[in-house]
Ligand SMILES: [Zn+2]
């Protein structure tokens, strides 16, 4: 079963905004390969792929978030350690 391409509305091409191109320009529609229609099975397959990728990226983001939290804790700990060392150094009269 086929549907009208949502990107080009069935035209097979899209108008590039004048502000972007500086003149009247049309681009062939990549989504439907300029046919103006899309096979629903292809869309269903694309949705599966995008859902899978979305899930992977979501997990990756969670991991990055936890890493950032750990790095911030480390940074605070090191800054406090540095301040303490500097204070001791000053108190020893060498500075
Ligand atoms: Zn199209």
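Consider residue 87 carefully, then state whether it is surrounded by 10 or more Cβ atoms within 10 Å (Cβ to Cβ) and away from the ligand (no atom under 11 Å from the Cβ). For residue 87, the condition - surrounded by 10 or more Cβ atoms within 10 Å (Cβ to Cβ) and away from the ligand (no atom under 11 Å from the Cβ) - is met. Residue pairs whose Cβ atoms lie under 7 Å apart, sitting 6 or more positions apart in sequence or on different chains, and linking a residue in the range 30-41 that is within 14 Å of residue 1 (Cβ to Cβ) and free of Cβ contacts under 8 Å to residues at least 60 places away in the same chain to a partner that is in a strand (DSSP E or B) and more than 8 Å from the ligand (Cβ to nearest atom), are 37/2; 37/3; 37/4; 38/2; 38/3; 39/2; 40/2; 40/3.
Condition check ((1) touching a helix residue (DSSP H, G or I) at 6+ places or on another chain (Cβ under 9 Å); (2) modelled with pLDDT of 95 or more; (3) within 25 Å of residue 2 (Cβ to Cβ)) across all residues:
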{"residue": "20", "(1), (2), (3)": "no, no, no"}
{"residue": "23", "(1), (2), (3)": "no, no, no"}
{"residue": "43", "(1), (2), (3)": "no, no, yes"}
{"residue": "57", "(1), (2), (3)": "no, yes, no"}
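Here are the criteria: (1) modelled with pLDDT under 95; (2) over 30 Å from residue 11 (Cα atoms). Tell me which single one residue 79 does not satisfy. Going through (1) modelled with pLDDT under 95; (2) over 30 Å from residue 11 (Cα atoms) one by one, residue 79 breaks only (1). Residue count for the range 12-33, restricted to those that are more than 7 Å from the ligand (Cβ to nearest atom) and in a loop (DSSP other than H, G, I, E, B): 6. Surrounded by 10 or more Cβ atoms within 10 Å (Cβ to Cβ), part of a helix (DSSP H, G or I) and within 16 Å of the ligand (Cβ to nearest atom), is that true of residue 81? Here the answer is no, as residue 81 does not meet what is asked.
The values are calculated or read from the model by the stated rules, or taken from the named source; none is laboratory data. Just so we're clear, the structure is a prediction, and the values are computed from it rather than from any experiment. We place every Cβ from the backbone using ideal geometry, glycine too, and count neighbours over all the protein chains shown.
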